[in-house]
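Read-outs: derived from the displayed coordinates by stated rules, not from any lab. Quick caveat, the model's predicted, so the values are computed rather than measured. In this analysis, Cβ positions are derived from the backbone assuming ideal geometry, glycine residues included, and neighbour counts consider all displayed protein chains.
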Amino acid sequence: MTTLTVTDQGQVTFRKDVLNHLGIQPGEKIRLELLPDGRAELRADRPHGSWRQVHGILKGKGNGARYSIEDINEAVAEAGAAAALAGLDRP
């Protein structure tokens with residue numbers, strides 16, 4: 001178990017080993033889900049279907065996981081679909 005300290009400004013700093021465990025790189029986002037009884041669930045915020053995700057997979061900037069060709073194909077397909085849908089929102 002890891003204990004964190006809250007600063008006077010209400011900020012918390014996560015140790016590097018915690019961020020590595022979560023697979024979070026500098027500049028990425030963290031999702032915090034508030035649960036009953038004052039609990040919370042913390043995880044890396046992983047957007048689905050983005051070209052950034054595909055780029056990260058291909059550059060080897062993942063969380064240490066290895067990706068099969070099927071995983072890469074699925075990420076490319078999701079990113080393409082998301083880009084197409086985003087284009088529909090434009091006038």
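The phi torsions of segment 70-84, fed into the Karplus equation with coefficients 6.51, -1.76 and 1.60 and a -60° offset, translate into couplings of 5, 4, 5, 4, 5, 5, 5, 5, 5, 5, x, 5, 5, 5, 5 Hz, rounded to whole numbers, with Gly and Pro shown as x. Packing here is the average count of other Cβ atoms within 10 Å per residue, and on that basis the peptides 9-22, 32-45, 71-84, highest first, run 71-84, 9-22, 32-45.
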